[in-house]
Amino acid sequence: MTALHLVRPLRGCCRVWRLQGIIGSSCKFAISNCQTSRLWFSTSTHVPDRKMEELLRKTVAPLPSYETRDKSPPPPESHSVEFMNFYRSLETEQRTEFLERLSQDYGVDHKGASELAGKLLETQLRDVATILQVEDRLRYSLTPRYRQLLSHISRVEGGVKFLVDLRAHVIEITSSKASDSPHLRDLNGTLKGLLSEWFSVGLLKLERITWQSPCDLLQKISQYEAVHPVRNWTDIKRRVGPYRRCYAFTHASMPGEPLVVLHVALTEEIANNIQSIVREFATLDAVEDASKIQAAIFYSISSTQAGLQGVELGNYIIKRVVRELQSEFPHIAQFSSLSPIPGFTAWLQGMLGSSRGGGGGGGGGTISGADLLSEQEWREVEETMGVSPGAPALDALRRLLATGDWHRSERLTRSLEPALMRLCAWYLYGEKRRGYALNPVANFHLHNGATMWRLNWDADTSPRGVANSCGIMVNYRYFLTETAANSASYMQGKVVTASDLVLALVAQFQQNSKL
């Protein structure tokens, strides 16, 4: 018989042991659950990886052997649709991972290509037929596996648009340095090659956009306008109305989707400002008088699809539109752009920041910020702004250019005009990247064979125009009998064809800057 004074402690101990047992079981259960939960979480985070691999194995067929390359049956259309739907379901980071995996694991068979390259070297003393066959085998072996998938995707409904958007994402990844994969760059090249074939000029349709065009097409034209934003429906009505033309390239595989859009103003003379083209509405309901149409001004060209970057479309649409206008108005002989100059103000800011020396100084072959204006021009700027010569004047001018406030002062505007005009002429004519014009718009028109014809002061007084190019615009003139020769000179010899007016401004810059 147990003593009473021992029973109570024993009962307490039993309760403790029982409680400890319950707690222990609960802890074991909780730990087990946590481990299971961790295992499930770990597995679940890899589900997309596993799904990616399964999807790619299913949809990217092995490259048929050389002998059966023309005999292999195409994969079911459902594979292409499944690939497209899966890609659309991914988040941005997952898409990057997916494309990296596609381009690296399903690209070229490098080992097989190397072996064939070795065989090609061995056959150099053989007959020509043998060499050509080995070369053809090698060429085929350099085809990425995923190229077949891309080709099959292009044949399903919405497939071409999907691939255009896919390339836009690849370009975004590579340009933003989100990935430095060389395989991804190769995928970009493959897509560009395919899209260049599918969007060759012979497969494009030129459409004139009018007020009677479908509403959704007019809305897209408005939304895609990248040069001079459309403000309202009245604005777009005028841009497709009398004395105006709007054309777009479309493709049968992307119905209702303009690829590149060109706006044209029909005028009596070559326009020297954009205000008269896009901000005046006097001609909204006018009846065109053909005798008043002596010039065609290309004032806006916009590429609407980021995925078609590098695919030649813009130069072709200008040539096609010129033919259309010549057919409608045989007497027109003047064709010119009225182009913005993006990047000029940023370049000028960089030049002004290159020196902290006093105004009017400098010399030799190096351009400093102080050399950009003459001594007289610096004095006028200093007096107008009420600042001391040298670094204070430079800093004050940079601040005014950054805010655009200089344009509100008639005196300052008059003082800066000569300097800014010759600086802009040099920026367009003399600043180069790999021997070609640094400014992308200049490079585009010079590539097309245009002549850098005239710079226009106060041509775009909008806040955007003042901020980007100090309000200056440029005419690139298309002399139709000279464009082919000009284009060849530029592309092969890097020669910029410019008028005497532009060359005179360039000479002033060189003299003032002692170049």
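Brief remarks follow.
- Rounded to 10°, Cα long-axis angle of helix 92-105 versus longest principal axis of the chain: 80
- Summed residue charge, Cβ within 10 Å of residue 309's Cβ, Lys/Arg positive, Asp/Glu negative: +2
- 44 Å tail of the calculated P(r), the chain, as % of Cα pairs: 39
- Gap separating the Cα centres of segment 172-220 and segment 288-350, nearest whole Å: 19
- Projecting the Cα atoms of 142, 512, 465 onto the dipole axis of the chain, where Lys and Arg carry +1 and Asp and Glu carry -1 at the beta carbon, places 142 farthest toward the positive end.
- In the context of the full set of protein chains, residues of segment 437-483 present 32 Å² of accessible surface per residue (probe radius 1.4 Å, heavy atoms only).
- D (Stokes-Einstein, µm²/s), Kirkwood Cα radius, segment 147-270, 1.567 mPa s at 4 °C: 78
- Pairwise label distance in nanometres, residue 82 with residue 492, each label 7 Å out on the Cα-Cβ vector: 5.3
- Rg then Dmax, both in Å and based on the Cα atoms of segment 204-338: 14.2, 42.
- Neighbourhood charge, 14 Å Cβ-Cβ cut-off, centred on residue 101 and excluding it, Lys, Arg +1 and Asp, Glu -1: -2
- Only Lys, Arg, Asp and Glu carry charge here, each on its Cβ (+1 for the first two, -1 for the last two); on that basis the chain has a dipole of about 2100 debye about its Cα centre.
- In degrees, nearest ten, helix 483-493 long axis to first principal axis of the chain (Cα): 60
- Straight Cα distances below 18 angstrom link residue 494 to the lysines 432, with same-chain residues fewer than 8 positions distant left out.
- Relative to its residue count, segment 264-330 spans a Cα convex hull of 116 Å³ per residue.
- Sorting 327-334, 133-140 by their mean Cβ neighbour count within 10 Å, with the most densely packed peptide first, gives 133-140, 327-334.
- The chain: angle of helix 182-198 to the longest principal axis, Cα-based, in degrees nearest 10: 60
- For segment 405-515, dividing the convex hull volume of the Cα atoms by the residue count gives 103 Å³ per residue.
- For residue 468, neighbours were defined as the other residues whose beta-carbon sits under 15 Å from its Cβ, and their charges (Lys and Arg +1, Asp and Glu -1) total -1.
- Accessible surface of the chain [probe 1.4 Å, protein heavy atoms]: carbon and sulfur percent: 53
- When the trypsin sites (Lys or Arg not before Pro) in segment 416-476 are filtered for DSSP coil states and for at most 15 other beta-carbon atoms within 10 Å of their beta-carbon, the remaining sites are 434.
- Dimensionless Rg ratio for segment 417-461, taking C-alpha atoms and the 2.2 N^0.38 Å reference: 1.19
- Segment 160-215 - Kirkwood radius from inverse mean 1/r over Cα pairs (Å): 13.4
- Distance between the 7 Å Cα→Cβ label points at residue 211 and residue 135: 6.0 nm.
- Overall form of segment 137-192 per C-alpha gyration tensor (a/c, 1.5; a/b vs b/c): oblate
- Dipole size of segment 103-254 about its Cα centre, with +1 on Lys/Arg Cβ and -1 on Asp/Glu Cβ: approximately 800 debye, rounded to the nearest 20.
The values are calculated or read from the model by the stated rules, or taken from the named source; none is laboratory data. In this text, all values refer to a predicted model and were calculated from it rather than measured experimentally. Note: ideal-geometry Cβ built from the backbone for every residue, glycine included; neighbour counts use all protein chains shown. These area figures cover heavy atoms from the full protein model, side chains too; ligands, DNA and RNA do not enter into them. Shrake-Rupley method; radii C 1.70, N 1.55, O 1.52, S 1.80 Å.
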